[in-house]
Amino acid sequence: MLIELDYPDPVPAELEAEKVLLLIIDMENENAHPDGVELIEELRPGADEPLIVKRTHDCFYQTEMDSLLERLGMRRGDGHVIVTGISTRNCVQSAVMGFSVRDYHVYVPIDCTAQRDEREVLQAFSLFTSFGYRHNVTMTRSDLIKVRPLKVLP
């Protein structure tokens, strides 16, 4: 049986800045540039931005991800995670699934992930919109995400 895969319809998302984490998966030069294995200079984290080092495709397995989420005050059921990056069918998919099963709201901008094989991208997107994930995974596009600024007290 032949199954046709297509890009999902992106949904607008409006999020509160204090409840949002932007996750950029595997944007090292080894994946994006043939001359290196260091982080891409334009995406290098600032001094106050965390960097999680992972040794497998799973950003939770033997990493500091859970403790980082706790330090940032990202609560299950309330926190929103925007997942972007390289290797949609592997590392991005693992992150989306990991956050989803931990009851975070997950947003995947379809224009902010990449994989050499477009069919594998569509397979991952099909999984994200399937019954088990569609309750807390939203397929969107970067220009459809609006992040409301932090509330400043007078």
*Residue under evaluation Val152, criteria (1) touching a strand residue (DSSP E or B) at 6+ places or on another chain (Cβ under 9 Å); (2) modelled with pLDDT under 95; (3) of a type outside the set (Gly, Ala, Ser), criterion not met*: (1)
_Restricting to segment 64-93, name every residue that is modelled with pLDDT of 95 or more, of a type outside the set (A, V, I, L, M), surrounded by 21 or more Cβ atoms within 10 Å (Cβ to Cβ) and assigned to a helix (DSSP H, G or I)._
Gln93
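Every residue, every condition in (1) charged (D, E, K, R); (2) within 20 Å of Lys146 (Cα to Cα), yes or no:
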| site | (1), (2) |
| --- | --- |
| Tyr61 | no, no |
| Gly73 | no, no |
| Gly85 | no, yes |
| Ala95 | no, no |
| Gly98 | no, no |
| Asp103 | yes, no |
| Val121 | no, no |
| Phe125 | no, no |
*asked:* Filter segment 5-31 down to the residues that are farther than 21 Å from Leu68 by Cα, at pLDDT below 85 and in contact with a Leu (Cβ under 9 Å, 6 or more places away or on another chain) and list them by number.
replied: Asn29
*Single condition Met139 does not satisfy, out of (1) free of Cβ contacts under 8 Å to residues at least 60 places away in the same chain; (2) farther than 22 Å from Glu42 by Cβ; (3) in contact with a Ser or Thr (Cβ under 8 Å, 6 or more places away or on another chain); (4) buried (at least 17 other Cβ atoms within 10 Å of the Cβ)*: (1)
_Looking only at segment 123-136, filter to residues that are exposed (fewer than 11 other Cβ atoms within 10 Å of the Cβ) and not hydroxyl-bearing (Ser, Thr, Tyr); which one of those is nearest to Leu5 (Cα to Cα)?_
Phe131
*Say we look at segment 95-122 and pick out the residues that are among the small types (Gly, Ala, Ser) and touching a strand residue (DSSP E or B) at 6+ places or on another chain (Cβ under 7 Å); which of these is surrounded by the fewest Cβ atoms within 10 Å (Cβ to Cβ)?*
Ala114
_Looking at the structure I just gave you, is Ile82 among the aliphatic types (A, V, I, L, M) and either touching a Leu at 6+ places or on another chain (Cβ under 6 Å) or more than 28 Å from Val11 (Cβ to Cβ) (or both)?_
yes
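The values are calculated or read from the model by the stated rules, or taken from the named source; none is laboratory data. From a predicted model like this one, the values you see are computed outputs, not experimental measurements. Note: ideal-geometry Cβ built from the backbone for every residue, glycine included; neighbour counts use all protein chains shown.
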